[in-house]
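Trainee: Please find one structure pasted underneath; my questions will follow.
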Amino acid sequence: MKIISFEGIEGVGKSTQIKLLDDYLINKGFKTEILREPGSTSTGEKIRDILLNSHDDLSSKTELLLMFSARAQLIKEKIDNSTNDFILFDRFYDASSAYQGYGRGLSLKIIDSLIEFIECPVPNITFLLDIDVSEGFARKANDKKDRIESSGHTFFDNVRQGYLELSKDNKRIRVLDAKKEIGDIHQEIVSIVKEYL
Ligand code: TMP
């Protein structure tokens, strides 16, 4: 089983690219599953609701631990015994380093120890779709903002820079320019994924 994760701030077009890659892989005869984080299990979706829709003033530490609770459940239910050829993640643990680490300012060392504690498998490839924060949010201008999306421009600048920082010392993370045409980005993704078929 191969794991491909997609990362980036809001409005970069992750879902579109995941769907296109999923269609491509299914056409090639592979068995695939798309998982979104937080979520994709019954428990995980309840935790997602707290994380995104709660009106409580959740602390950053609560936010981090809820992300990892949902993730631990996802790994147990969907990864450990998976018979899929490919799992496509709409965000995975790099999001915790970017959002809770670089964004909220929590310790990256603690986040790394949680990644180890819940035994996260390492993705074969991570596509980081990168875009300027203002452009990303302009694409979502008509959507109602959830709790995390309401965190402000500086927070998302830090998240974006955090993702780019993570990509610097990690060959697994491929940075793609999310301003390019949808079809061009898909072709770039396919040419990289082909190395793993
Ligand atoms: P989305 O799936 O609609 O993008 O919403 C998920 C939100 O949760 C998004 O704002 C990113 C955030 N998030 C974190 O802050 N940390 C994480 O570890 C993950 C997986 C998501």
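Trainee: Any chance you could count how many residues in the stretch 29-42 are within 16 Å of the ligand (Cβ to nearest atom), open to solvent by 60 Å² or more (accessible area, probe 1.4 Å) and either hydroxyl-bearing (Ser, Thr, Tyr) or modelled with pLDDT under 95 (or both)?
Mentor: Final tally of qualifying residues: 0.
Trainee: Now for a different question. Counting only residues that are surrounded by 22 or more Cβ atoms within 10 Å (Cβ to Cβ) and in contact with a strand residue (DSSP E or B) (Cβ under 7 Å, 6 or more places away or on another chain), which one in the stretch 1-13 is farthest from ASN124 (Cα to Cα)?
Mentor: Of everything passing the filter in the stretch 1-13, VAL12 is farthest from ASN124 (Cα to Cα).
Trainee: Determine if the stretch 180-191 includes at least one residue that is among the aliphatic types (A, V, I, L, M), open to solvent by less than 70 Å² (accessible area, probe 1.4 Å), within 14 Å of the ligand (Cβ to nearest atom) and under 17 Å from GLU7 (Cα atoms).
Mentor: Looking through the stretch 180-191, none of the residues is among the aliphatic types (A, V, I, L, M), open to solvent by less than 70 Å² (accessible area, probe 1.4 Å), within 14 Å of the ligand (Cβ to nearest atom) and under 17 Å from GLU7 (Cα atoms).
Trainee: Could you identify the single residue in ILE18, ILE26 that is farther than 16 Å from SER96 by Cα, open to solvent by less than 10 Å² (accessible area, probe 1.4 Å) and more than 10 Å from the ligand (Cβ to nearest atom)?
Mentor: Working: ILE26 fails: open to solvent by less than 10 Å² (accessible area, probe 1.4 Å).
ILE18 is the lone residue from the list that is farther than 16 Å from SER96 by Cα, open to solvent by less than 10 Å² (accessible area, probe 1.4 Å) and more than 10 Å from the ligand (Cβ to nearest atom).
Trainee: While we're here: Does GLU63 fit the bill of being open to solvent by 30 Å² or more (accessible area, probe 1.4 Å), at pLDDT 95 or above, under 16 Å from the mean Cα position of the chain (by Cα) and charged (D, E, K, R)?
Mentor: No, not satisfied.
Trainee: Also, I was wondering about something else. Can you name the number of the only condition in (1) in a helix (DSSP H, G or I); (2) touching a residue at least 40 places away in the same chain (Cβ under 8 Å); (3) more than 23 Å from PRO38 (Cβ to Cβ); (4) not aliphatic (A, V, I, L, M) that GLU188 fails?
Mentor: Tallying (1) in a helix (DSSP H, G or I); (2) touching a residue at least 40 places away in the same chain (Cβ under 8 Å); (3) more than 23 Å from PRO38 (Cβ to Cβ); (4) not aliphatic (A, V, I, L, M), GLU188 fails exactly one: (2).
Trainee: Taking the condition of being open to solvent by less than 30 Å² (accessible area, probe 1.4 Å), part of a loop (DSSP other than H, G, I, E, B) and closer than 17 Å to ILE3 by Cβ, how many residues in the stretch 119-140 meet it?
Mentor: Selection size over the stretch 119-140: 2.
Trainee: Out of curiosity, is PHE68 at pLDDT 95 or above, more than 9 Å from the ligand (Cβ to nearest atom) and open to solvent by less than 40 Å² (accessible area, probe 1.4 Å)?
Mentor: No, not satisfied.
Trainee: Conditions: (1) more than 8 Å from the ligand (Cβ to nearest atom); (2) open to solvent by 10 Å² or more (accessible area, probe 1.4 Å); (3) of a type in the set (A, V, I, L, M). ILE111 meets all but one. Number of the miss?
Mentor: Of the numbered conditions (1) more than 8 Å from the ligand (Cβ to nearest atom); (2) open to solvent by 10 Å² or more (accessible area, probe 1.4 Å); (3) of a type in the set (A, V, I, L, M), the odd one out for ILE111 is (2).
The values are calculated or read from the model by the stated rules, or taken from the named source; none is laboratory data. The model shown is predicted, which means the values in this text are computed figures rather than measured ones. Note that we place each Cβ from the backbone using ideal geometry, even for glycine, and neighbour counts take in every protein chain shown. Areas reflect the complete protein model, heavy atoms only, side chains present, ligands, DNA and RNA absent. Shrake-Rupley method; radii C 1.70, N 1.55, O 1.52, S 1.80 Å.
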